[in-house]
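Everything below concerns the one structure shown next.
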Amino acid sequence: MEIITRVAEMQARASAAKKNGQSIALVPTMGFLHQGHLSLMQEGRRRADLLVASVFVNPTQFGPQEDFASYPRDLQRDAELAAGAGVDWLFVPEVDDMYPQGFATAVTVSGLTEVLCGASRPAHFQGVTTVVCKLFGIVQPQVALFGRKDFQQLAVIRRMTLDLNLPVEIIGLPTVREPDGLAMSSRNAYLSAAERRQAPALIDALRLASAAVKTGERNVERVLALVRNRIDREPDAVIDYAAICNGTTLQAVPEVDGDSVLLLAVRIGRTRLIDNHTLFEEVDIP
Ligand code: AMP
């Protein structure tokens with residue numbers, strides 16, 4: 001595996017590979033890799049001749065009071081894990097090279113980005129779509145892989161790719177979890193031992209909701225009440241949102257149906273955790 005740090009070099013390498021008829025898969029990440037990221041890389045490995053993963057803590061998707069400066073970083077460990085997952089090129093650009101002086105463009109997806117995480121993180125998705133669009137231009141992948149853990153992000157990226165006719169197939173993959181069901185996340189590293197013990201409340205709440213729907217409950221308020229009661233049992237947990245939405249439009253639904261997704265964002269201490277589950281999914285939450 002090679003580490004490529006310059007934008008121009010990454011783009012030249014990708015162009016040359018494409019000229020040679022090689023296909024490229026891209027896994028964008030902010031690093032501090034875990035098994036969730038590695039599952040995307042392993043699938044990317046199967047889907048293209050060349051596998052590129054990016055590690056870039058993108059400043060434009062963090063709000064002014066958010067954790068850009070403290071976001072966990074460990075490039076050496078990331079490089080070892082990425083190499084083990086079959087990555088050919090690990091793209092690790094500098095902020096100044098991605099956003100040079102005079103940078104003036106933003107990609108905005110409206111509607112989908114104003115609800116849920118977008119309501120409490122106003123500039124977040126514009127930062128995400130702009131950087132993902134740039135990465136698509138630099139790495140020129142045929143396929144890009146994202147986790148369904150960030151359900152809204154995946155919906156927004158699908159919308160952007162469709163709307164801008166970007167020639168990239170977007171693949172969404174299942175959430176990888178810790179043995180107790182907590183969705184893996186680089187931010188889990190922020191949790192104290194006491195907070196970590198409270199974090200499985202999210203998966204418990206999703207399970208309670210799924211079980212209720214399985215036995216015929218369709219009333220959104222009653223399902224959400226189960227969710228809120230479970231989260232509220234934890235002393236340090238504060239719900240940012242708990243919503244049942246259509247999986248494509250992300251609009252709240254009046255009644256649970258086959259396209260409904262339950263989305264959760266919960267602060268435990270200073271750590272904001274998100275999780276979700278499609279309520280009619282055949283597969284049970286592990
Ligand atoms: P991040 O480094 O948090 O920006 O995430 C990079 C990619 O990994 C995104 O597509 C995420 O949705 C995905 N991802 C993060 N956590 C998980 C997880 N637990 N399971 C599957 N994919 C994940």
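What follows is calculated from the coordinates using simple rules that are stated; it is not laboratory data. As the structure is a computational prediction, the values presented were derived from the model and not from experiment. Here the Cβ positions follow ideal geometry from the backbone for every residue, glycine too, while neighbour counts run over all protein chains shown.
Taking label points 7 Å from Cα along the Cα-to-Cβ direction, Gln22 and Ala193 give a separation of 4.8 nm.
Placing unit charges on each Cβ (+1 for Lys and Arg, -1 for Asp and Glu) gives the chain a dipole about its Cα centre, and among Pro174, Leu145, Phe32 the Cα reaching farthest toward its positive end belongs to Leu145. Label positions at Thr215 and Glu169, each projected 7 Å from the Cα along the C-beta direction, are separated by 4.2 nm.
About its Cα centre, how strong a charge dipole does the range 140-286 have in debye, to the nearest 20, once Lys and Arg get +1 and Asp and Glu get -1 at the Cβ? The partial results should precede the final answer.
Details: 18 positive and 20 negative charges, 80 e Å.
With only Lys, Arg, Asp and Glu charged at Cβ, the dipole is about 380 debye.
Loop-located GluC sites (Glu not before Pro) in the range 197-286 (DSSP state other than H, G, I, E, B) with a sparse environment of at most 16 neighbouring Cβ atoms within 10 Å: Glu217, Glu281, Glu282. Ranking Thr60, Leu226, Met160 by how far each Cα lies toward the positive end of the dipole of the chain (charges on Cβ) leaves Met160 at the top.
About the Cα centre, and with charges only on the beta carbon of Lys, Arg (+1) and Asp, Glu (-1), how big is the dipole of the chain? Nearest 20 debye, please. Write down the numbers at each step before the final one.
Numbers: 29 positive and 34 negative charges, 22 e Å.
Here the chain has a charge dipole of around 100 debye.
Placing a pseudo-label 7 Å from each Cα along the Cα-to-Cβ vector at Gln65 and Gln35 gives an inter-label distance of 3.5 nm.
Treating r as the C-beta distance of Tyr241 and Glu9 and R0 as 30 Å, the FRET efficiency rounds to 0.15. Using alpha carbon centroids, what distance separates the range 213-246 and the range 99-141, in Å? Their Cα centres are 30 Å away from one another.
For Glu255 and Arg46, what is the calculated FRET efficiency with R₀ set at 25 Å and r taken between the beta-carbons, to the nearest 0.05?
Values: r = 39 Å, r/R0 = 1.55.
Taking R0 as 25 Å, the efficiency between Glu255 and Arg46 is 0.05.
A straight Cα-to-Cα reach below 26 Å connects Lys214 with the lysines Lys149, residues fewer than 8 places away in its own chain not being considered.
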